[in-house]
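Visitor: Structure provided below as structure tokens; questions to follow.
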Amino acid sequence: MMEKILTIVIPTYNMESYLRKCLDSLIIDDKDLFERLEVLVINDGSKDASSAIAHEYQDKYPHVIRVIDKENGHYGSCVNQGLKEASGVYFRILDADDWFATDGLQEFLNVLQECDADIVLTNYTRLYVDNRQVNKEIELFKPNKVYTIDKLEDSYPFCNYLFLMYSMTFRRIFLKGIQFELQTGICYTDIEYCYFPLSKAKTLIFYKINLYQYLSGRDGQSMQRDNIIQNVADLYKVATRVVNDYLTQKDVSTWRKLAMADVISHPVNCIFEVFLLYQRDVSDDLKRIVNSIERLVDQDMMLLHRLESNKYRNIPYVLIWKKLHFRLAPFLLLLRKIRSKRGNKRQSLTVRIN
């Protein structure tokens, strides 16, 4: 059997409405190249027809598609299982409600045959349920050029939202070498998927290929506001793990730390939003968040500044903490003022501090 170029892991839980489109997008015309693809559908204890649909495709394409049925353990457990089972030279995730541009996949498999980098970046498209779409094109790197991450100049340009699950593929042996593993039983571990390889990788390359097609706005997505509120404890566990790792990093280039801080800023800012605007009572989690931000002030100003620069719905969350000198009592006073102005706890609000 020919060596597999790429393993695609598809974590799947109750995705019967989307899985066929996802799998159909992976069927390319070049038969020889297609058989160098490995697709692992990790069925995470689905209660619908997801497993049956996946098995149909396994029966039709047995040399490419394999189904692994397991008990429910959430996203991280699917990725961990997929990495254990993977045999491809490169490894990446495709969510079951998304899909790949089929022509882009064929082009991607061709270039991967000559690729030699730990991280591979590609463009992606964000598609909305109202039929809008936005093509996300990486302009920071020259195509087809291998970059040594720690040799990127401190002044090298940087842009937000560069290192995302939709844009990142990894060399499998590299992931094995860093003992890569995601937390299980919780949501939002795709943040760890981006952060930990980025913290260890030596090289990266960018290919000007539009590959990932990300469906945004469907009911039930984990990044919907109601789901973030409901699962904020999961988000906190992920944010705590990556922040704690970040604060232990020594002798890391400025550019790498900037990139790592950018990945961290997304979950942290989501947590700030939940506790500023939606939390009814002050919890131990809130106190721990305040303490965590105090640690950032003491230990890493780069991450603090990165968080300050990320404004979500016009609220500079870290700036609020900084202006309040990170004391809990003034924070509670501010929270009461916010509630009295807001009326409805789900109404958006702009907070300005002079």
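Visitor: When you count, for each residue, the other Cβ atoms within 10 Å and take the mean per peptide, how do 120-129, 7-16, 51-60 rank with the highest first?
Guide: In decreasing order of mean packing, 120-129, 7-16, 51-60 become 7-16, 120-129, 51-60.
Visitor: On average, how much area does the Cα convex hull of the stretch 83-147 cover when viewed from any direction, in nm²?
Guide: 5.8 nm²
Visitor: Among residues other than residue 145 whose Cβ falls under 12 Å from its Cβ, what is the net charge (Lys/Arg +1, Asp/Glu -1)?
Guide: It works out to a net charge of +1.
Visitor: Which percent of the accessible area of the stretch 1-80 is formed by carbon and sulfur heavy atoms (probe 1.4 angstrom)?
Guide: That fraction is 49 percent.
Visitor: Let me ask another. Under 19 Å from the Cα of residue 208, which aspartates and glutamates turn up, not counting those fewer than eight places away in the same chain?
Guide: 103, 107, 114, 116, 118, 137, 139
Visitor: Could you pull out every residue, at least 5 positions away or on a different chain, whose amide H is within less than 5 Å of the one on residue 88? Hs are placed 1.01 Å off N in the peptide plane, and Pro or chain starts have none.
Guide: 7
Visitor: Moving to a separate point now. Within a Cβ distance under 12 Å of residue 87, other residues only, what is the Lys/Arg minus Asp/Glu net charge?
Guide: Local net charge: +3.
Visitor: Shifting gears a bit: Any idea of the accessible area per residue across the stretch 101-155, 1.4 Å probe, to the nearest Å²?
Guide: Ligands and nucleic acids excluded, the figure is 59 Å² per residue.
Visitor: To continue, here is another question. Quick query: amide H of residue 208 versus all other amide H atoms, modeled in the peptide plane; which residues come in under 5 Å with a sequence gap of 5 or more or a different chain?
Guide: The list, which skips near neighbours in sequence, is 144.
The values are calculated or read from the model by the stated rules, or taken from the named source; none is laboratory data. Everything numeric in this text was worked out from a predicted model, so none of it was measured. FYI the Cβ positions are ideal-geometry reconstructions off the backbone, even for glycines, and counts take in every protein chain you see. For accessibility, only protein heavy atoms count, side chains too; no ligands or nucleic acids. Shrake-Rupley method; radii C 1.70, N 1.55, O 1.52, S 1.80 Å.
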